[in-house]
Protein chains: 2
Amino acid sequence: MDANELKVLAFDIFGTTVDWRTGVAEQVARLARARGAEVDAGAFADAWRDRYGPSMDLVRLGELPWMNLDALHRRSLDELLETEGLAGSFDGHDRDELVLAWHRLPAWPDAVPGLVRLRRRYVLAALSNGGFALLTRLVKAAGLPFDCIVSAELSGRYKPDPEPYLLTAQLLDVPPEAVLMVAAHVWDLRGARAAGLRTAFVGRPMEKGPDRAADQAPPEGADVTVASFLELAASLDC
Amino acid sequence: MDANELKVLAFDIFGTTVDWRTGVAEQVARLARARGAEVDAGAFADAWRDRYGPSMDLVRLGELPWMNLDALHRRSLDELLETEGLAGSFDGHDRDELVLAWHRLPAWPDAVPGLVRLRRRYVLAALSNGGFALLTRLVKAAGLPFDCIVSAELSGRYKPDPEPYLLTAQLLDVPPEAVLMVAAHVWDLRGARAAGLRTAFVGRPMEKGPDRAADQAPPEGADVTVASFLELAASLDC
């Protein structure tokens, strides 16, 4: 891959750019304390996130109509609270607040300084399955210096379907091979590569906390493999 | 209007946030010198911009298919060069370069400091008839601290049709009355108000240069009238 032929870097957000587990667990723990509910907040965050892929697949396969990530998060939260015997502890207002936990998440420590360097040379887009409103607020609150927000919502399809990847190239008026998809997840990079994008794997070994393994190696054909956004900047001469 | 009920400020770009006339005239003058063509660059920029409204109206009325602003700019440039007897001086490559002049324009001096203050309290969106790629590059090059880009292109309709205004509220998940449209143009604010948005008129008396009058007064019903983005920040307690 020639770094000169790249024009746009598209970043996955949850797990790749921000630490969803720490952020969601903290907010769950705080509300649980206020409600006097006993919750293992880290495990709760894990179980909630585990429902993300399957819930999204229901939309991708047409078993659910299009709904944005907030709606999917609320749906899986309701199920999870029921399963965990916690349905009585959190009312509708509490659940709305918990869904908004996904709008306020801490960036990995290397994310902002890495993006600052990369932004000097490339157009930086946030490309996530999160909704446009969620992403705009999350990026703003975390101080992430993206040039634009491109939610999967704009295409009406979720990654790893090709539409969100191709829409990013189309909206920014570049060919797919001028876009580098940056993600910590093999499934995302496979989708991006199938759509014709370049791919960069960023290892985020702590994404799922200390006790569960995150994706450790890139999928076949990845153009770049790094351990941080700073390393990505160095590898692209930024 | 209660500033506490506002959530999003949507800014028009050409004329409102950036000084298109100075920027386009400089780039026209530079290329004309290189080609040995005699062009009054300020008058040329004016004549080109004069074709913007009518060309957009052809799309709005269905007489032209949807095309983005770059394509409309190229179309009116070709016509203008013909009319001015300059068609022989600028080849296809030159014309592509001239169209890109609209992607690199200087911000009005109050724009960046005003946006920095306003951004602490509100979500700031660029909402222009410029295409998504154009706006992303323009905002990046001018260092404008927007939280997101919302081009009319995303709705497939041009302002002042209601779709671009309503899409902004919808994508950011707020009711139309929680969005303040900020513009220097009466036609834009009328469209925004008809769609249910709040409106702020920013006077930009030099938009069309020293010899032609810009809009001087707000349309009926405007919620705020100011002379700069800094004054807007002060009026919203930012």
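Bear in mind these aren't lab numbers, they're just calculated from the coordinates by the rules spelled out. On a predicted model such as this, the values are computed, not experimentally measured, just so you know. FYI the Cβ positions are ideal-geometry reconstructions off the backbone, even for glycines, and counts take in every protein chain you see.
What to note about this one:
- For residue A:36, the distances from its label point to the matching points in the remaining copies are 9.1 nm, ordered from shortest, with each point set 7 Å beyond Cα toward Cβ.
- Per-residue shielding of A:124-132, expressed as the average number of other chain Cβ atoms within 10 Å of the residue Cβ, stands at 2.
- For residue A:213, inter-copy label distances in nm, listed shortest first [label point 7 Å out on the Cα-Cβ vector]: 7.5
- Table column - 3J(HN,Hα) (Hz), the stretch A:196-210, Karplus curve with 6.51, -1.76, 1.60, x for Gly and Pro: x, 7, 7, 9, 10, 9, 10, x, 10, x, 9, 3, 9, x, x
- Given their separation in residues at 0.36 nm each and the Cα-Cα distance between them, residue A:163 and residue A:83 gain 25.4 nm when the chain is fully extended.
- Helix B:132-142 axis versus longest C-alpha principal axis of chain B: approximately 90°, rounded to the nearest ten.
- The number of Lys pairs in the protein assembly as shown with C-alpha atoms less than 27 Å apart, excluding pairs fewer than 8 positions apart on the same chain, is 15.
- Building the convex hull from the alpha-carbon atoms of the protein assembly as shown and averaging its projection over directions returns 23.9 nm².
- Cα-centre dipole for the stretch A:131-238 with unit charges at Cβ (Lys and Arg positive, Asp and Glu negative), debye to 20: 320
- Karplus-derived 3J(HN,Hα) values for the stretch B:108-116, using 6.51 cos²θ - 1.76 cosθ + 1.60 with θ = phi - 60°, are 4, x, 7, 5, 4, x, x, 5, 4 Hz; glycine and proline are entered as x.
- Hydrodynamic estimate: the Kirkwood radius of the stretch B:21-103 over Cα pairs, inserted into Stokes-Einstein at 4 °C and 1.567 mPa s, corresponds to D of 100 µm²/s.
- Residues B:98, B:189, arranged from fewest to most other Cβ atoms within 10 angstrom of their Cβ, appear as B:98, B:189.
- A:155, A:235, B:151 arranged by Cβ crowding within 10 Å, fewest neighbours leading: A:235, A:155, B:151
- C-alpha long axis of helix A:162-171 to longest principal axis of chain A, angle in °: 60
- In chain A, Cα pairs under 8 Å separated by at least six residues give a relative contact order of 24 percent.
- Evaluated at q = 0.17, 0.19, 0.20, 0.22 Å⁻¹, a Debye calculation over the C-alpha positions of the stretch A:1-144 (equal weights, vacuum) places log10 I(q)/I(0) at -0.97, -1.14, -1.22, -1.38.
- Choice from A:100, A:72, A:58 showing the highest fluctuation, given a GNM over chain A with Cα pairs closer than 10 Å: A:58
- Degrees between helix A:41-50 axis and first principal axis of chain A (Cα, 0 to 90, nearest 10): 60
- Cα-centred dipole magnitude for the stretch A:21-103, charges only on beta-carbon of K, R (+1) and D, E (-1), debye, nearest 20: 200
- Label point 7 Å beyond Cα along the C-beta direction, distances from residue B:112 to other copies (nm, shortest first): 1.9
- A simple rule links phi to the HN-Hα coupling: the Karplus curve 6.51 cos²θ - 1.76 cosθ + 1.60 with θ = phi - 60°, which for the stretch A:223-238 gives 7, 9, 10, 9, 10, 6, 5, 5, 5, 4, 4, 4, 5, 9, 6, 9 Hz, with x for Gly and Pro.
- All Cα-Cα separations within the stretch A:136-238 were binned at 10 Å from zero, giving a P(r) of 15, 40, 40, 5, 0, each value a whole percent of the pairs.
- Simple Cβ-charge dipole of the protein assembly as shown, Lys/Arg +1 and Asp/Glu -1, about Cα centre, in debye nearest 20: 720
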